[in-house]
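Notes follow the structure.
The values are calculated or read from the model by the stated rules, or taken from the named source; none is laboratory data. All of these numbers come straight from a predicted model, not from anything done at the bench. Every residue, glycine as well, gets a Cβ built from its backbone with ideal geometry; the counts of neighbours run over all protein chains shown. These accessible areas exclude ligands, DNA and RNA; they are computed on the full protein's heavy atoms, side chains included. Shrake-Rupley method; radii C 1.70, N 1.55, O 1.52, S 1.80 Å.
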Amino acid sequence: MKIITPLGQYLLLMRLVFKKPENPRIYFKRIIQEIDSLGIDSLGIVAIISIFIGAVLTIQMAFNIDSPLIPIYTIGFATRKSVILEFSPTIVSLILAGKVGSQIASEIGTMRVTEQIDALEIMGVNPPSYLIFPKIIAAMIINPILILVSMILALFGGWLSGELTGLLTSSTYVLGIRFAFKGFDIVYALVKTVVFAFLITSISGYFGYYTSGGALEVGRSSTKAVVNSSIMILLFNLILTQLLLA
Amino acid sequence: MIEAIHVYKEFNGKTVLNDISFVFEQGKTNLIIGQSGSGKTVLMKCLVGLFPVDSGQVVFNGRVFSEISYGEKKKIRQEIGMLFQGGALFDSLSVEENVMFPLSMFTKQTLEENRERANFCLKRVNLENVNKLYPSEISGGMKKRVAIARAISLNPKYLFCDEPNSGLDPTTSIVIDNLISEITQEYQITTIVNTHDMNSVIEIGDKIAFIYKGQLWWQGDKHDILHTDNKEINDFVYATELTRRLKGK
Ligand SMILES: Nc1ncnc2c1ncn2[C@@H]1O[C@H](COP(=O)(O)OP(=O)(O)OP(=O)(O)O)[C@@H](O)[C@H]1O
Ligand SMILES: [Mg+2]
């Protein structure tokens, strides 16, 4: 029962978010700013995580596929499959839910408790749309790019660890990476990413927007934003995987 | 002109506004006065529609606010300038950008024209050379003045100021009071000011509503208020030694 009211409130908020903007030029500018603050600012953390996970994945694959019957290039193949299908789109999105989600909820929550949202409303601006819409669009544009970067860097990390540990040669790794490549895997990953981007920004926007009280509640909203968008990412990951791959 | 008609408002069973009816006139500085916690801010927020009223109506020049469409509400709001008690400046924008915000949102003017207008408004509130600073980098009184500049940037038809001179020194206070009173007459604005500053009351109170225990306890103007028998209003007006001395009590 307790989930029904927030869900209804969330859907009503989304209706306001997607109302026609007062001034498209300003919204365009806001989207560019958000691409910068939500996307470009996340590049660093995405890069670091991707390289390390790619490296670890390759080493683990190498230890697990320890049978003379399985060709060594399978290591590269399995690394690529895990990176593209699951690690980059889902795990990196979860990390982004933590970083971007808390950023959005605390920014909008602070605006709420300091009456900045009321000020927008009084001016005749539609605050949900002005505040949340550019973030949703920006994330849906920039997250797929982040995820592509993450894939490339994770595969690079795999190659690097293979090289450094001597578990497999460059050419074997590359052979595995290219083996039975399916373009659809990338499409699947990007579709997931776009859906996750929407979930992260809209859910965090929702929790920020309905903050009430003071600084304490802003912190609480931002925790709720991260927890709820993470759970929704996991749930939608299951649904989308079933729909797209089954 | 804005009319409040039998406005009631309660929070969690506690009545804050109890049957308030008052006409806020155009071209006049209408004051809402009363003790801290008497419901001035709540009344102002009910007038602009930030709080829905529990019963009663708020009427903007004949248009009942609760009965008009979302689009019409937005239209009216673009004619409202409001100063919040806490300023409510956008902290991601600089001082100048804050004042320019309504202009760039709702006018087709160029950036230069907007900047010029913003600087004009900032000058009127005695603020210069702070354009590039952010709200976190200026003092409380300066924030308040930036917020006033932002509220008047679009030449509003309705101006709401929640305690425009709390936190200001007496000299700046007078500048702000005079500014509010001047533009009200000059542009025939319907201005509503919340205050508990007696000096403002006597300077600019064209029409005064005294709120006491959630009720409209007394109304009049800056002349009447000094010569009323109403006990509560006298307690309010002559609360300080200074005002008592002036009256010779
Ligand atoms: N959002 C709210 N929820 C619950 N109660 C509220 C809310 N806002 C105000 N109140 C209550 O309404 C009463 C009036 O508050 P209000 O802010 O209008 O006072 P005020 O006259 O503006 O005082 P001050 O001069 O100190 O600003 C207070 O008792 C306050 O507790
Ligand atoms: Mg108040």
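Brief remarks follow.
- Taken one residue at a time, the phi angles of region B:103-112 give Karplus couplings (6.51, -1.76, 1.60, θ = phi - 60°) of 5, 6, 6, 10, 10, 9, 5, 6, 4, 5 Hz. Gly and Pro are set to x.
- The charge dipole of region B:93-155, taken about the Cα centre with unit charges on the Cβ atoms of Lys, Arg (+1) and Asp, Glu (-1), comes to about 240 debye, rounded to the nearest 20.
- Cα convex hull of region B:1-48, projected area averaged across orientations, nm²: 3.5 nm²
- Divide the volume of the convex hull around the Cα atoms of the protein assembly as shown by the residue count and you get 179 Å³ per residue.
- Peptide B:148-155 is shielded by partner chain Cβ atoms: per residue, an average of 1 of them sit within 10 Å of its Cβ.
- Total formal charge among the other residues, if their Cβ is under 12 angstrom from that of B:Asn165, Lys/Arg +1 and Asp/Glu -1: -4
- Neighbour count of at most 15 Cβ within 10 Å plus DSSP loop: longest chymotrypsin sites (Phe, Trp or Tyr not before Pro)-free window in chain A: A:19-178
- Å³ per residue enclosed by the Cα convex hull of region B:1-102: 140 Å³
- Dipole of the protein assembly as shown, positive end: most advanced residue of A:Pro24, A:Phe179, A:Pro68 [Cβ charges, Cα centre]: A:Pro68
- Since only A:Leu146, A:Gly124, A:Leu94 are under comparison, the one whose Cα sits farthest along the positive direction of the charge dipole of region A:13-150, derived from C-beta charges on Lys, Arg, Asp and Glu, is A:Gly124.
- Derived from the Cα gyration tensor, the three semi-axes of the equivalent ellipsoid of region B:93-155 are 18, 11, 10 Å, largest first.
- Rolling a 1.4 Å probe over the protein chains gives B:Met1 an accessible area of about 70 Å².
- Using a Gaussian network model of chain A in which every pair of alpha carbons under 10 angstrom is joined by a spring, one finds that among A:Pro144, A:Pro128, A:Pro24 the greatest mean-square fluctuation is at A:Pro24.
- Measuring only protein heavy atoms, the 1.4 Å probe finds B:Ser55 accessible over about 50 Å².
- When chains A and B come together, the accessible area they lose, probed at 1.4 Å and totalled over both chains, is close to 1900 Å².
- Cα gyration tensor, region A:150-223 - rounded (a/c under 1.5), prolate or oblate: oblate
- Surface accessible to a 1.4 Å probe, per residue, for the residues of region A:24-245, Å²: 43 Å²
- Peptide B:88-95 has a mean of 4 when you count, residue by residue, the C-beta atoms of other protein chains within 10 Å of its C-beta.
- ³J(HN,Hα), Karplus 6.51/-1.76/1.60, whole Hz, each residue of region A:208-225, x for Gly, Pro: x, 5, 9, 6, 9, x, x, 4, 4, 5, 4, x, 5, 4, 6, 5, 4, 4
- At R0 = 45 Å, FRET efficiency that the Cβ-Cβ distance of B:Glu203 and A:Ile231 yields, to 0.05: 0.20
- Tensor-based shape of region B:168-248 (alpha-carbon gyration tensor, a/c under 1.5 rounded, otherwise prolate or oblate): oblate
- Centroid-to-centroid separation of region B:21-88 and region A:210-246 [C-alpha atoms, Å]: 37 Å
- Cα centre as origin, Lys/Arg/Asp/Glu Cβ charges: the protein assembly as shown dipole, Debye: 960 debye
- 0 to 90° range, to nearest 10: angle between helix B:140-152 axis and chain B longest Cα axis: 80 degrees
- Taking the convex hull of the alpha carbon positions in region A:24-245 and averaging its projected area over all directions gives 13.6 nm².
- The spread of Cα positions in region A:2-53, taken along each principal axis and listed from longest to shortest, comes to 41, 38, 9 Å.
- 10 Å Cβ shell holding at most 13 others, DSSP loop, trypsin sites (Lys or Arg not before Pro): longest site-free stretch of chain A: A:20-181
- Set B:Lys108/B:Lys132; B:Lys207/B:Lys231; B:Lys40/B:Lys123; A:Lys135/A:Lys192; A:Lys81/A:Lys192; B:Lys28/B:Lys247 screened for pairs whose C-alpha atoms are more than 21 Å apart: B:Lys108/B:Lys132; B:Lys40/B:Lys123; B:Lys28/B:Lys247
- Theoretical ellipticity at 222 nm over chain B - DSSP helices of four or more residues, -39500 (n - 2.57) apiece, nearest 500: -11000 deg cm²/dmol
- For the segment A:60-68, counting C-beta atoms of other chains within 10 Å of every residue's C-beta and taking the mean gives 0.
- Per-residue 3J(HN,Hα) values for region A:99-110, derived from phi via the Karplus relation 6.51 cos²θ - 1.76 cosθ + 1.60 with θ = phi - 60°, read 6, 6, x, 5, 4, 5, 5, 6, 5, 6, x, 5 Hz in sequence order (x marks Gly and Pro).
- Proximal charge balance of B:Ser55 [Cβ under 14 Å; K/R count +1, D/E count -1]: -3
- Globularity index of chain B, i.e. its alpha-carbon radius of gyration over 2.2 N^0.38 Å: 1.02
- The H on the amide N of B:Tyr212, modeled in the peptide plane, is under 5 Å from the matching H of B:Trp217, each at least 5 residues off or on a different chain.
- In this Cβ point-charge picture (+1 for Lys and Arg, -1 for Asp and Glu), chain A has a dipole of about 480 debye about its Cα centre.
- With all protein chains modelled, accessible area of B:His6 [1.4 Å, Å²]: 100 Å²
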